[in-house]
Amino acid sequence: MSALRVISQYLDAARRHDWDAAFDFFADDVMIRIPGRSRLAGDHRGKRSAVDYIQTVRERYRHGRIELELLDMLSSDERVALLVRERFSDNDQTTEIRRAKSIACATRRSPRS
């Protein structure tokens, strides 16, 4: 499976809020880097840490809204770079983050195969 197909399936699952399917795409050694100075900023290494971070953010905005907008994408056989805009809204406050995400995809297998 190509890197583009892997990331497309991951994004589809995340947009459907099918987090079990989305998390199946994470490798055990995944690393998520969160910019900024908040208590959540920094590197989240390993699948459990990455999932915990996402679940924490989802819980924080459970009564609000989280949006992920794909602005652009570059792909090769093994890597994908995404330019995204993330919006986190709660009551009258909205935080917007624009960032590039570089992803190396293990294309040898697909989740649940």
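The numbers here are math on the coordinates, done by the rules we state, and not lab data. These figures come from a predicted structure and were not determined experimentally. Quick reminder, even Gly has a Cβ in these numbers, built from the backbone with ideal geometry, and neighbours come from all protein chains shown.
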- 1/(1 + (r/R0)^6) with r = Cβ-Cβ of D20 and D72, R0 = 35 Å, i.e. FRET efficiency to nearest 0.05, evaluates to 0.80
- Query: Using modelled backbone amide H atoms (1.01 Å from N, in-plane), which distant-in-sequence or interchain residues come within less than 5 Å of G42's amide H?
  - Reply: I34
- Roughly how tilted is helix 47-60, in degrees to the nearest 10 and between 0 and 90, from the longest Cα axis of the chain? 30
- (i) 16.4, 61; (ii) 15.2, 55; (iii) 14.1, 45: which one is Rg and Dmax of the Cα atoms in Å as calculated from this entry? (iii)
- Would you calculate a helix-derived [θ] at 222 nm for the chain, using -39,500 (n - 2.57) for each DSSP H run of n ≥ 4 and dividing by the full residue count, to the nearest 500? -8500 deg cm²/dmol
- Spin-label model distance (nm) - A41 vs E59, 7 Å beyond Cα toward Cβ: 2.3
